[in-house]
Amino acid sequence: MQDAGFEDTQMKELESALAALQPARAPQARDMLFFRAGRTQARRRALVWPGVSAVLLACLIVSLALRPAAVRPSERIVYLPAPAQAVQPGVPIKLEPLSPQDAELARRQGAYFKLRKALLEKGLDALPAASATGGAGGKSTRLCDWDLGDMDNDLSF
């Protein structure tokens, strides 16, 4: 069924107009045409990155121009009170006697520090020899049982 809007004369005119048309010739350099089209597309894409970097550069310049000035620390002179008693070299200092608990603690710590000093200076050879039977007379040899000398007179650690 034909459409009522078209008459036979109009169809004949359209048919004769279409028959008068001739197809265009294929381009001789088809590969060159595709090459140029690709290059044009690449140029458009290549403009994106320089554009983005230009915008970022503009933002950097604006942020550097608008940043606040650096605060410089001010110099202050601070006076501290003098020490109550200056210690002079060669002058003996009077110390109060230690309580019995503090004296025992100092003796134990002194023994440790003396052993530590001997180990650092002489190595493992500074340790006393322990026998396989557990020491002299069958006793066990412990760190606090070793004879480390007179601790009251030699506290040079």
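The values are calculated or read from the model by the stated rules, or taken from the named source; none is laboratory data. Worth saying up front: this structure is predicted, and the values here are computed from it rather than measured. Here the Cβ positions follow ideal geometry from the backbone for every residue, glycine too, while neighbour counts run over all protein chains shown.
Numbers for the structure displayed
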{"read-out": "Residue count, the range 11-31 (criterion: outside any loop (DSSP other than H, G, I, E, B) and modelled with pLDDT of 85 or more)", "value": "10"}
{"read-out": "Residues located in the range 113-138, provided they are surrounded by 13 or more Cβ atoms within 10 Å (Cβ to Cβ) and at pLDDT 55 or above", "value": "Phe113, Lys114, Leu115, Lys117, Ala118, Leu119, Ala126, Leu127, Ala130"}
